[in-house]
Amino acid sequence: MIVPYDHILILAVLLFLTGAACVVARRTLIMILIGVEIMLNAAGIALVGGSLKWGVLGGQVFVIFIMAVAAAEVAVGLALIVHSHRRSGSVEADHYHLMKG
């Protein structure tokens, strides 16, 4: 059974909105990072769905690049969070201005 393209887009939109709500509503840096990851996964789902609908592999190849960027983003983001936690003792986004100059 093949899933209709509309259902794939609805799932991608719901995931993207969930990630955006997580980024906006949460104040801890880890939850903001998780929200960004959810939004990247939603974009990947939409690209793979479009790739399967139109029979073009470009969307699937682009998702592999998105996954590589997401992995690099997590590595750098977690390193910055650890550094901020060591300097301020907190992972709240309001305390993150301590890293400047």
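Can you give me the number of residues within the range 11-53 that are among the polar types (S, T, N, Q), part of a helix (DSSP H, G or I) and under 28 Å from Val82 (Cα atoms)? Quick ask: steps written out before the conclusion?
To start, the set of residues in the range 11-53 that are among the polar types (S, T, N, Q) comprises 18, 28, 41, 51.
Subsequent filtering for residues that are part of a helix (DSSP H, G or I) retains 18, 41, 51.
If we keep only those that are under 28 Å from Val82 (Cα atoms) too, we end up with 18, 41.
Result for the range 11-53: 2.
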Practice task
Test Ile8 against the stated conditions and say whether it is in contact (Cβ under 8 Å) with a residue 60 or more places away in the chain and assigned to a helix (DSSP H, G or I).
Solution key: no
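Only one residue in Ala68, Ala12, Ala42, Ala46 is more than 21 Å from Ala93 (Cα to Cα) and touching a Phe, Trp or Tyr at 6+ places or on another chain (Cβ under 6 Å). Which one? Even if it seems obvious, please write down each step before you answer.
Values: Ala68 fails: touching a Phe, Trp or Tyr at 6+ places or on another chain (Cβ under 6 Å); Ala12 fails: touching a Phe, Trp or Tyr at 6+ places or on another chain (Cβ under 6 Å); Ala46 fails: touching a Phe, Trp or Tyr at 6+ places or on another chain (Cβ under 6 Å).
From the options Ala68, Ala12, Ala42, Ala46, the qualifying one is Ala42.
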Practice task
Please verify whether the range 56-74 includes one or more residues that are surrounded by 11 or more Cβ atoms within 10 Å (Cβ to Cβ), at pLDDT 85 or above and charged (D, E, K, R).
Solution key: yes
Practice task
Any residue in the range 32-45 that's under 15 Å from Ala21 (Cβ atoms) and acidic (Asp, Glu): show its pairings with residues that are modelled with pLDDT under 95 and surrounded by fewer than 20 Cβ atoms within 10 Å (Cβ to Cβ) at Cβ separation under 9 Å, as long as the two are six or more apart or on different chains.
Solution key: Glu37/Ala70; Glu37/Glu73; Glu37/Val74
Exercise for the section: Return the total of residues in the range 47-61 being β-branched (Val, Ile, Thr) and in contact (Cβ under 8 Å) with a residue 12 or more places away in the chain. Expected result: 1
Practice task
With the condition kept exactly as written, say whether any residue in the range 71-85 is within 30 Å of Val3 (Cα to Cα) and part of a helix (DSSP H, G or I).
Solution key: yes
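The values are calculated or read from the model by the stated rules, or taken from the named source; none is laboratory data. Remember, it's a predicted structure, so these values are computed and weren't measured experimentally. Note that we place each Cβ from the backbone using ideal geometry, even for glycine, and neighbour counts take in every protein chain shown.
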